[in-house]
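Below you'll find the structure, written out as structure tokens, and then a few comments.
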Amino acid sequence: MKNPPPHVTKMCIQSIYYYICISQRKMVLKRSMVQRVVEGITYLFELLVKFVLSVQKDNHHPQNKDDSYGLSWRLAVETNNVRGWKTVPPKCYKHVEKYMTGGQYEVDLKLIVDQILGYVSQISVASDGLDAWILDVDDTCISNISYYKAMRFGCDPFDSSKFKPWIMKGMCPANPVVLGLFNKLIERGFKVFLLTGRDQATHLQITTHNLHDQGFNGYHRLILRSAEYKGLSAVRYKSMIRKELEREGYRIWGNVGDQWSDLQGDSLGQRTFKLPNPMYCIS
């Protein structure tokens, strides 16, 4: 067999060399791509680890622990498992502040009022004018949140020397969803009684004006604590008033308040509805 011409041999050698160079280059490129992929995965993994560690750190942060405790404490208060408390625990301050001013309080009010309205829609109102509802006033019909903001939302002890002047300003705004409920009850033909522990001798006029200014018009009677009921607990006082209304022939279909003492005792009515209030407790 004859040897190939020199120029053919040269071309073959060049082709082989070119092929080897291309193969080596591809291998380098593949290694580079694999290396970059590995580096990318490593980087993402490191980010994931940092994120998980930061979440774990946040969950153990004292502020988050306080918020968690505040949520549990508020639940216990609203379910009447914590009773007779005088002030909001200091570590609940931020939680209660956020709850009362961050929007959740209004969401909770609306949900409860929606439940009340559903119940109201099922009642057939008689023509004798004796179907009645009872609504509490403070932090039910009108709100004292502005006052309690200055009192660290109940972390500071109650001070009647500060609260009474606040009442006398007559600046308590309406709770809009409760005002809507009030108007619906009037529209349906119920007799609405506004029952409050405010002192009749000193607070009747300013309370009447405050309620009127905020749109609470058309109620059947505003009842404040008169001299004969002074010294009685809120439960005893309001029970006696409800009993008297029943003696007058009224049928109490519903009773709404922000305090458990509004909803305990005698002559409670067909149903009671507790509105949220983690700022203070009236026994």
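The values are calculated or read from the model by the stated rules, or taken from the named source; none is laboratory data. Remember, predicted model here, so these are calculated numbers, not experimental data. Cβ: placed from backbone, ideal geometry, glycine included. Neighbour counts: every protein chain shown. Areas reflect the complete protein model, heavy atoms only, side chains present, ligands, DNA and RNA absent. Shrake-Rupley method; radii C 1.70, N 1.55, O 1.52, S 1.80 Å.
The angle between the Cα long axis of helix 160-169 and the longest principal axis of the Cα atoms of the chain comes to about 90 degrees, rounded to the nearest 10.
Note that the chain presents 60 Å² accessible area per residue, ligands and nucleic acids not counted, probe 1.4 Å.
Can you work out the FRET efficiency for the pair residue 166 and residue 119, with r the C-beta to C-beta distance and R0 = 41 Å, to the nearest 0.05? Show your work: numbers first, answer last.
On the way: r = 33 Å, r/R0 = 0.81.
E(calc), rounded to 0.05, equals 0.80.
Taking the structure as given and computing P(r) over Cα pairs in 5 Å bins from 0, in percent, which label from (1) 1, 5, 12, 17, 19, 17, 14, 8, 4, 1, 0; (2) 1, 5, 11, 14, 16, 15, 13, 11, 8, 4, 2, 1, 0, 0; (3) 1, 5, 9, 12, 13, 12, 8, 5, 3, 3, 3, 2, 2, 2, 2, 2, 2, 2, 2, 2, 2, 2, 1, 1, 1, 0, 0, 0 fits? From the options (1) 1, 5, 12, 17, 19, 17, 14, 8, 4, 1, 0; (2) 1, 5, 11, 14, 16, 15, 13, 11, 8, 4, 2, 1, 0, 0; (3) 1, 5, 9, 12, 13, 12, 8, 5, 3, 3, 3, 2, 2, 2, 2, 2, 2, 2, 2, 2, 2, 2, 1, 1, 1, 0, 0, 0, the structure gives (3). Along the range 202-212 the Karplus relation, 6.51 cos²θ - 1.76 cosθ + 1.60 evaluated at θ = phi - 60°, assigns HN-Hα couplings of 9, 10, 4, 5, 5, 5, 4, 5, 4, 5, 4 Hz to successive residues, with x for each Gly and Pro.
Using θ = phi - 60° in the Karplus curve 6.51 cos²θ - 1.76 cosθ + 1.60, the 3J(HN,Hα) couplings for the range 73-85 round to 5, 5, 4, 5, 5, 5, 9, 6, 8, 9, 10, x, 6 Hz; x is entered for Gly and Pro.
What does the helix-only formula give at 222 nm for the chain: each DSSP H stretch with n ≥ 4 adding -39500 (n - 2.57), the total divided by the residues, and the result rounded to the nearest 500 deg cm²/dmol?
-18500 deg cm²/dmol
Using the Cβ-Cβ distance between residue 72 and residue 248 with R0 = 45 Å, the FRET efficiency computed as 1/(1 + (r/R0)^6) comes to roughly 0.55.
Surface listing: 225, 83 arranged by accessible area from highest to lowest gives 83, 225, probe 1.4 Å.
Probe radius 1.4 Å, ligands and nucleic acids left out: which of 190, 51 has the largest accessible area, and how do the rest follow?
Sorted descending by solvent-accessible area, the residues read 51, 190.
Computed from backbone phi, the HN-Hα couplings of the range 190-196 come to 6, 8, 9, 10, 9, 10, 9 Hz, rounded to whole numbers (Karplus: 6.51 cos²θ - 1.76 cosθ + 1.60, θ = phi - 60°; Gly and Pro given as x).
Seen against the Cα atoms of the chain and their longest principal axis, helix 6-59 is set at about 20 degrees. Amide H contacts under 5 Å for residue 198: 225, restricted to partners 5 or more places along the chain or on a different chain, H placed in the peptide plane at 1.01 Å from N. Per-residue SASA remark: residue 97, around 50 Å² accessible (1.4 Å probe; ligands, DNA and RNA not included).
Given a 1.4 Å probe and every protein chain left where it sits, what share in percent of the accessible area of the chain is carbon and sulfur? Walk me through the intermediate numbers first.
On the way: 9910 of 16930 Å².
Here carbon and sulfur together make up 59 percent of the probe-accessible area.
Within straight-line reach of residue 65, meaning a Cα separation under 24 Å, sit the following lysines at least 8 residues removed in sequence or on another chain: 50, 57, 86, 91, 94, 98, 149.
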